[in-house]
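Structure first, commentary second.
No value in this document is a laboratory result; all are computed from the given coordinates. Model, not experiment: these values are computed from the prediction. FYI the Cβ positions are ideal-geometry reconstructions off the backbone, even for glycines, and counts take in every protein chain you see.
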Amino acid sequence: MSGAGRTERAGLPGAAALVWSASLPAAGALSVATAWGGWRMPLLVVAAVVVPFALLVTVVRLGVGRWAATAALTALLVLVAYVLGAGAGTTFVGTVGDAVPLLLTEPQPLALRADLLVAPVLACGLVGIAVGLRSVRPTRLAPLVGGLVLYAAGAFLTGGRGDRVGVVAALLLVLAVLGWCLLDETGEPRRRRLVLAGPVLVVAVGVVASTALVPVSGAFDPRSVVEPPIVRTDVSSPLPQLAAWAANPDVELFTTAGDTGPTRLVVLDEYDGTQWRAATRYGPFGATADDVLPAGEQRRRSTMAVRVAELGGSWLPAPGTPTGVSGTEALVDPRTGTLLEPAGAADAEYEVTAEVDDPDPARLPGATLPDPSADLPLERYLELPDVPTDLWVYAGQVTAGATTPYQRAVAVEDAVRGQRRVAERAISGSALWRVEDFLLGEVGTAGAQEGTSEQFATAFALVARYAGLPTRLVVGFEPGDEQPDGTRVVRGEHALAWPEVYFDRLGWVAFSPTPDADLGGERPDAPLDPPTTPPPAPTPSADPSPDQVDDHAADDAGGSTLPPRTGAFAAGALLLAVPLGLLLARALRSWGHRRRGARGAWAEVLDALVLAGRPAPRSTPAPVVGDGVAMRYGAPAATRLARAADRAAFAPGSTGAGAPTTEDRRAVREVRRAVRRSVPWWRRAWWYLDPRVLRRR
């Protein structure tokens, strides 16, 4: 080999090796970018890796010391991060120190804000510098480690949801294997290496993809261990305000622009027999709660610009569960999605993006309730106080003949609406006595058979919970009056309370017991089956009858199935079958060699040369190959094994059969260890699974 060739191999790597070294951490950085979404963040993190890497390698090639160049580039990277932090109006130390809690409490996809970019840019740049520092030496491990570090950071940041189908993981795997195959300096032809690596890559990528697609229940979410700053408030329920808004129907509360639909102000799910209570704990976007029911499989996203006028209070309207808001420092209740502006909603102007469950109406007649074994936090939505006996009797009669959850919900809706009328100046309140008068009082009695949407919605919720339906209340507004410029003005007359029922896989479905309420959307009818026997009068109790609730749940659970685990078993079986099959094949091959005496011992040496990427030519005599192995790998036992095999093959009267001697087995182990020490670490790890020897006869 020429002097220039030796310098290239032992000194600075070639251009291909440098490109490969930079590509692995750049690919790992794509995992970090998944927390942001869009196309700008992937470009930014790749540049944050590649630019410091390229600068370091270039400066070192120009003759600057490695550590001096590393120190200078690290200082420059810290300066860039400092400028980003200053642009966000925060200190550099504070931004870096709070980087993890900030990133884990912000809603995802994250915004391209300066304070959210400091940590990923700094981390990607430092990894690029570290990989570049190692890449000026002949190494094949540092690039993979850098890529895995950034991939793990992205997985941590997104709770494993960023690379859902394993695309980035598969890319890392392919790049690593191709680099090791093409850049490894051995005598084995690269084409042969690729031919052998191809099937292994296909299987490995398939395992990664199938594993990524398997749903994992109870997976660790790092966002759940970060406690965001929580603001506590003692604001009361907005339900009493419904009567005031109804009494002043022309007062402009707020104006909306953008997507059209009903808006929510407050979600109420706690009822104590006297009133509904609003949430009292609010945090920044990204705050999580343990007692949240899973969202439905079909959801609608809406974006709406809101300008508040005479709404009052501190709550802010939104077209669903908010996923992002701009123009205000609003907080959110992580359980219900209620928005709160601590400084007050007066004159607020903001844009909010929200999601709401929007199941296909055709799926509603077959809707089921969650399986009791799913361990969901349903108690809050089924809890009832000590209800008067007359109300229990009424509730039992309402749902008689309803055999499905959706039928029960529609039956309750129709019964509560009935012939009752909306009265703006009716007695307000949600207490049990008020609901009893509203439902059962004689016409002409104060509050009987008339009320605001507060009484209609509360009556629905009580009867629905008695029927085993998880129910909550929403205080919000109808879409409002459209203006010539396309905006909509929401006035007092549009204020409304409505109930929602939770169905398995469908999420929260709104119902409209209040006459003439406009919530949009369509729902199919659900006629009741005629009851075969009169419903018995239920026994009053402090809680809904466990037998009744359990019976409903048992009826509904018949249509539910456990999540499919076929993918998990298939991925696990494939993951185990491939290495076990290779180990078995290699063991059978070695067992066959041991039955062939000296010739079998020499065959083990030839297999070791194949695994090292330097197979012996078939035309070369065994003694010549043995001498070469002894000189190259420092294993003199190879010479003796080669000559013994040669004698066994060609000596007169020799069969070459029989088990090898103890001395032969010791010599084989000595030669194999010497050859194995000469290969890179990744080939040593693959040594006992490498299938290439199975092709040699």
Here the residues of segment 663-687 lying in the modelled label zone of Arg647, meaning backbone nitrogen under 17 Å from a point 7 Å along Cα-to-Cβ, are 663-668
Along Cα→Cβ, 7 Å out, is where each label goes; now give me the distance between the ones at Ala362 and Val165 in nm to one decimal.
2.5 nm
One finds, for Ser590 and Ala15 with R0 = 56 angstrom and r their Cβ-Cβ distance, a FRET efficiency to the nearest 0.05 of 0.85
Order these peptides, 449-460, 683-694, 472-483, by their mean beta-carbon neighbour count within 10 angstrom, highest first.
449-460, 472-483, 683-694
Extension gain from Leu62 to Glu522, taking 0.36 nm per residue of separation minus the Cα-Cα distance
158.5 nm
Suppose the chain between Arg281 and Leu112 were pulled fully straight at 0.36 nm per residue; how much longer would it get relative to their current alpha carbon spacing?
58.1 nm
Restricting to Cα pairs under 8 Å and 6 or more apart, the percent relative contact order of segment 360-512 works out to 23 percent
Label 7 Å along Cα→Cβ of Arg684; segment 593-619 residues with amide nitrogen under 16 Å?
611-613
Subtracting the Cα-Cα distance from 0.36 nm times the residue separation, let me have the gained length for Thr389 to Val251 in nm, one decimal.
45.6 nm
If you take the alpha carbon radius of gyration of segment 231-359 and divide it by 2.2 N^0.38 Å, what ratio comes out, to two decimals?
1.03
For the pair Ala152 and Arg673, what calculated FRET efficiency results from E = 1/(1 + (r/R0)^6), where r is the Cβ-Cβ distance and R0 = 30 Å, to the nearest 0.05?
0.35
Could you give the nm distance between label points at Asp259 and Arg301, where each point is 7 Å from its Cα heading toward the beta carbon?
0.8 nm
